[in-house]
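Every number in this text was worked out from the coordinates using simple rules, so none of it is lab data. Remember, it's a predicted structure, so these values are computed and weren't measured experimentally. Don't worry about glycine lacking a Cβ; one is built from the backbone with ideal geometry, like all the others, and counts go over all protein chains shown.
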Amino acid sequence: MAFLAGAFLPLQAGLNSKLAKTGGSPVHASMISFAVGVVALIVYIFLTSQNVSWKGIREAPAYAWAGGVLGAFYVTVIVLAFPKIGPGLTFGLVVAGQLLISMLMEHFQVLGAQPQPVSIGRILGMLLIIGGVVVMKKF
């Protein structure tokens, strides 16, 4: 499922970029994308009888709500980058950024990440990803 979700990201970026181009506003396209997503989630919750602990939600730390802001930032940046640098370079950079932060989160066990110390092999893997982005940019 994670692979499939990742595979859909360039499609989502292309669709949102098309919406931004035809509507004339990347930020509005991002907002519309989130609104459609909210409706889809409401329908899914209704159809599958999902339950939630509203007490638990209220007791969540304030920083836990920042995920929505980060999601909006991500979608808007992708809408802006996709038509300028293309899907390959856009998502090469996205993957490099995701892996770097994931590696640091695991090393420092941030937000419940499973412990995995930074190692030479992991750093080499990151450098290979960044090298791939550089090669994609040149060719």
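Under a 5 Å amide H cut-off, with hydrogens placed 1.01 Å from N, Ala113 pairs with nothing among residues at least 5 apart or on other chains. Note on segment 72-119: Cα-Cα pairs beyond 15 Å make up 54% of the total pair count. In a simple Cβ point-charge model (Lys, Arg +1; Asp, Glu -1; nothing else charged), the chain has a dipole of about 340 debye relative to its Cα centre.
Listed peptides 78-87, 130-139, 62-71 appear in the order 78-87, 130-139, 62-71 once ranked by packing, highest mean of other Cβ atoms within 10 Å at the front.
Here mean projected area of the Cα convex hull in nm² was calculated from the structure, and among (1) 9.6; (2) 8.2; (3) 10.7 it sits at label (3).
Report note on the peptides 11-24, 48-61, 115-128: ranked by the mean count of other C-beta atoms within 10 Å, highest first, their order is 11-24, 115-128, 48-61. The calculated pair-distance distribution of segment 1-79 uses every alpha carbon pair, bins of 5 angstrom beginning at 0, and gives 3, 13, 16, 20, 21, 15, 9, 3, 0 percent.
Listed by chain and number, the lysines whose alpha-carbon sits under 24 Å from that of Lys18, ignoring those within fewer than 8 places in the same chain, are Lys84, Lys137. Over segment 1-121, what relative contact order in percent results from Cα pairs under 8 Å that are six or more residues apart? Over segment 1-121, the number comes to 25 percent.
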